[in-house]
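Chemist: This structure is in structure tokens; I'll ask about it shortly.
Throughout, read-outs are computed from the coordinates displayed, never taken from laboratory work. Predicted model only: the values in this text are computed from it and were never measured. Glycine also receives a Cβ, built like all others from the backbone with ideal geometry; neighbour counts cover every protein chain displayed.
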Amino acid sequence: MATEAARRGILIILSSPSGAGKSTLAHAIRDWDPSIAFSVSATTRAPRPGEEDGREYWFRSRAEFEAMVGKGEMLEHAEVFDNLYGSPKGPVEDAISQGRDVLFDIDWQGGQQIRQSSLGQDVVSIFVLPPSITELESRLRARAQDSDQVIAGRMQKSQAEISHWAEYDYVLINSDKDRAAAELRTILGAERLKRARQSALGEFVRGLNAEFGDMQ
């Protein structure tokens with residue numbers, strides 16, 4: 001008899017305002033468990049030099065993308081700067097049915113669409129907050145990637161994003177990246193052990209009961 005029950009995978013949604021550390025935590029959790037798959041988005045924008053179909057994005061024409069939406073093949077999608085972006089459902093369904101967890105690094109709008117999708121019962125949603133707004137701005141400036149105007153726009157957008165924190169299952173305050181990563185590992189460890197996700201647990205317990213019968 002098996003000693004470990006198989007489980008269904010988790011669909012992990014990780015969201016935060018820009019600069020709060022979402023991408024850093026996403027990398028940390030995949031370093032901790034390389035079996036966690038990262039959801040590759042589809043887009044209608046043209047590939048940039050060095051990008052490969054299926055690695056950075058699934059590159060699709062607008063007609064192909066809209067056909068996928070029409071067939072219900074997207075978990076979530078949105079239009080950004082005249083290009084469509086979305087998360088194909090098929091690869092995610094395949095992964096979680098095989099017991100693999102899938103990580104989504106997306107905003108609150110995408111997270112909301114996924115929670116309302118047919119895979120909503122598999123979602124564990126986590127929102128990452130900065131320790132302060134001053135620190136959030138400092139992190140954005142420390143990147144040295146954006147102009148003052150772009151940073152101001154990101155800061156303005158962050159207030160709207162933070163207003164959705166209460167829609168998430170868990171909220172982490174990222175004052176220390178190592179501690180936040182440890183808290184994220186704790187969340188995933190506990191969620192993996194939930195009874196509802198132990199798909200072979202019923203069979204395992206029936207095996208235990210059969211052993212009682214053999215002892216009589």
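Chemist: Could you please rank Met155, Met68, placing first whichever residue has the fewest other Cβ atoms within 10 Å of its Cβ?
Modeler: Values: Met155 16, Met68 20.
The order, fewest Cβ neighbours first, is Met155, Met68.
Chemist: Where does each of Thr43, Thr134, Thr24 land when they are ranked from fewest to most other beta-carbon atoms within 10 angstrom?
Modeler: If I rank by nearby Cβ atoms, fewest first, I get Thr134, Thr24, Thr43.
Chemist: For region 158-184 and region 41-96, what is the centre-to-centre distance using only Cα atoms, to the nearest Å?
Modeler: 27
Chemist: Here is a follow-up. With Cβ to Cβ distances under 14 Å as the rule, what net charge do the other residues near Glu161 carry (K, R +1; D, E -1)?
Modeler: Details: positive: Lys22, Arg154, Lys157; negative: Asp105, Asp107, Glu167.
Surrounding charge for Glu161 is 0.
Chemist: Quick one: length gained pulling Gln145 to Ser175 fully straight, 0.36 nm per residue minus the C-alpha distance?
Modeler: Gain on extension, Gln145 to Ser175, equals 8.6 nm.
Chemist: Which whole-number percentage describes the relative contact order of the chain, with Cα contacts under 8 Å and a sequence gap of 6 or more? Write down the numbers at each step before the final one.
Modeler: On the way: 303 pairs, mean separation 71.8, N = 216.
Once normalised by length, the contact order is 33 percent.
Chemist: Given the rule -39500 (n - 2.57) for each run of at least 4 DSSP H residues, summed and divided by the residues of the chain, what is its mean residue ellipticity at 222 nm, to the nearest 500 deg cm²/dmol? List each step's numbers first, then the result.
Modeler: Numbers: 8 runs with 93 residues, N = 216.
Value at 222 nm, helices only: -13000 deg cm²/dmol.
Chemist: Turning to a different aspect of this structure: Rank Gly110, Gly70, Gly86 by mean-square fluctuation in a GNM of the chain with C-alpha springs under 10 angstrom and give only the top-ranked residue.
Modeler: Of Gly110, Gly70, Gly86, the Gaussian network model singles out Gly70 as fluctuating most.
Chemist: Moving to a separate point now. Along Cα→Cβ, 7 Å out, is where each label goes; now give me the distance between the ones at Glu73 and Glu167 in nm to one decimal.
Modeler: So the two model labels end up 2.7 nm from each other.
Chemist: OK, next. Above 16 Å lies some portion of the pair distances; for region 1-57, what is it as a whole percent of all C-alpha pairs? Mind dumping the intermediate values first?
Modeler: On the way: 1012 of 1596 pairs.
So the portion of pairs separated by more than 16 Å is 63 percent.
Chemist: To the nearest µm²/s, what D does Stokes-Einstein give for region 47-177 at 20 °C and 1.002 mPa s, using the Kirkwood radius over alpha carbon pairs as Rh?
Modeler: Numbers: Rh = 17.1 Å.
Diffusion coefficient, whole number: 125 µm²/s.
Chemist: Short version: ³J(HN,Hα) in whole Hz for each residue of region 206-216, in order, from phi by Karplus 6.51 cos²θ - 1.76 cosθ + 1.60 (θ = phi - 60°), x for Gly and Pro, what are they?
Modeler: Residue by residue, region 206-216 yields 4, x, 4, 5, 5, 4, 4, x, 5, 7, 7 Hz.
Chemist: Here's a follow-up. Starting from the 7 Å offset along Cα-to-Cβ, what nm value, one decimal, do you get for the label separation of Phe38 and Glu64?
Modeler: With each label point 7 Å from Cα toward Cβ, the separation is 2.2 nm.
Chemist: Just the ratio, please: alpha-carbon radius of gyration of region 1-121 over 2.2 N^0.38 Å, N its number of residues.
Modeler: Working: Rg = 15.3 Å, N = 121, 2.2 N^0.38 = 13.6 Å.
Rounded to two decimals, the normalised Rg is 1.12.
Chemist: Regarding region 105-216, what are the three Cα extents along the principal axes, ordered largest first, in Å?
Modeler: 77, 31, 22
Chemist: Do the alpha carbons of any pairs in Lys22/Lys89; Lys71/Lys194; Lys22/Lys194 sit beyond 29 Å of each other, and which pairs? Intermediate results must be reported in sequence, preceding the final value.
Modeler: Numbers: Lys22/Lys89 22 Å; Lys71/Lys194 32 Å; Lys22/Lys194 25 Å.
Beyond 29 Å: Lys71/Lys194.
Chemist: May I ask what percent, to the nearest 5, of DSSP beta bridges between residues of the chain are antiparallel? Intermediate results must be reported in sequence, preceding the final value.
Modeler: On the way: 8 of 26 bridges.
DSSP beta bridges in the chain are roughly 30 percent antiparallel.
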